[in-house]
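I have placed the structure first, in the form of structure tokens, so that the comments after it can refer back to it.
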Amino acid sequence: MRGRPPSWVYTGGMKTFLVPVDFSPVSDMIIDTAVSFARAFQGQVVLLHVIQPPIITSEYALPLEAVQATIQASEKSAANHFLAALEIFRQAGVTATSVIQQGPPVYAILEEATKRKADFIIMGSHGHGKLYDLLVGSTASGVLKGASCGVIVMPPADKLN
């Protein structure tokens with residue numbers, strides 16, 4: 001292997017783990033996994049929550065004030081969730097920060113991973129069926145296809161048992 005080793009090769013330095021969470025039931029498992037990885041690799045964690053603004057498709061869309069109020073409520077809710085999550089990392093002795101972004105989730109996750117020079121992205125999958133993924137798309141699939149670092153995708157809790 002010549003040059004710089006890939007990010008997934010442990011070379012002894014601190015690793016940065018980007019951990020996108022949507023505060024669904026799988027998020028607790030993702031946070032626990034991130035704690036384990038960060039402790040094992042003396043890493044730091046960046047928690048990321050992406051707020052996807054409503055898509056306006058016609059003249060019957062919500063008024064701009066309603067859209068802004070929805071986004072503000074989502075940001076406040078995310079900040080409250082982050083307080084509890086950051087306490088878990090603090091108690092585990094892991095350095096963690098939190099970020100809230102707006103936009104399409106796949107793009108926001110990949111952009112934040114590049115910005116933070118993440119070595120790994122640790123994220124969950126909701127385990128929707130193939131038809132759902134075909135019609136709506138899969139965030140995990142989009143991140144796997146576009147990431148320039150290692151991606152660890154945790155299956156939904158019901159798939160682990």
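Anything in the range 16-30 that is part of a helix (DSSP H, G or I) and under 10 Å from the mean Cα position of the chain (by Cα)? List them, or say none. Break it down stepwise before answering.
Within the range 16-30, the subset part of a helix (DSSP H, G or I) is 26-30.
Passing the criteria: Ser27, Ile30.
Would you check if Ile88 is within 13 Å of Ala34 (Cα to Cα), over 11 Å from the mean Cα position of the chain (by Cα) and either of a type in the set (A, V, I, L, M) or surrounded by fewer than 16 Cβ atoms within 10 Å (Cβ to Cβ) (or both)? Give the steps one after another, and end with the answer.
Numbers: within 13 Å of Ala34 (Cα to Cα): yes; over 11 Å from the mean Cα position of the chain (by Cα): yes; either of a type in the set (A, V, I, L, M) or surrounded by fewer than 16 Cβ atoms within 10 Å (Cβ to Cβ) (or both): yes.
Considered against the rule, which asks whether it is within 13 Å of Ala34 (Cα to Cα), over 11 Å from the mean Cα position of the chain (by Cα) and either of a type in the set (A, V, I, L, M) or surrounded by fewer than 16 Cβ atoms within 10 Å (Cβ to Cβ) (or both), Ile88 comes out as yes.
Counting just the residues of the range 46-74 that are under 30 Å from Lys117 (Cβ atoms) and hydrophobic (A, V, I, L, M, F, W, C), which one comes out modelled with the lowest pLDDT?
Only one residue tops the list, namely Ile71.
Does Arg4 count as modelled with pLDDT of 80 or more and among the basic types (Lys, Arg)?
Details: modelled with pLDDT of 80 or more: no; among the basic types (Lys, Arg): yes.
Answer is no for this residue.
Find all pairs meeting these conditions: Cβ atoms under 7 angstrom apart; at least six residues apart or on different chains; first residue within the range 136-161 and over 11 Å from Ile121 (Cβ atoms) and in a helix (DSSP H, G or I); second residue among the charged types (D, E, K, R) and at pLDDT below 85.
Ser141/Asp133
The values are calculated or read from the model by the stated rules, or taken from the named source; none is laboratory data. Not measured: the values here are computed from a predicted model. When we count neighbours, we look across all protein chains shown, and the Cβ atoms used for this are built from the backbone with ideal geometry, even at glycine.
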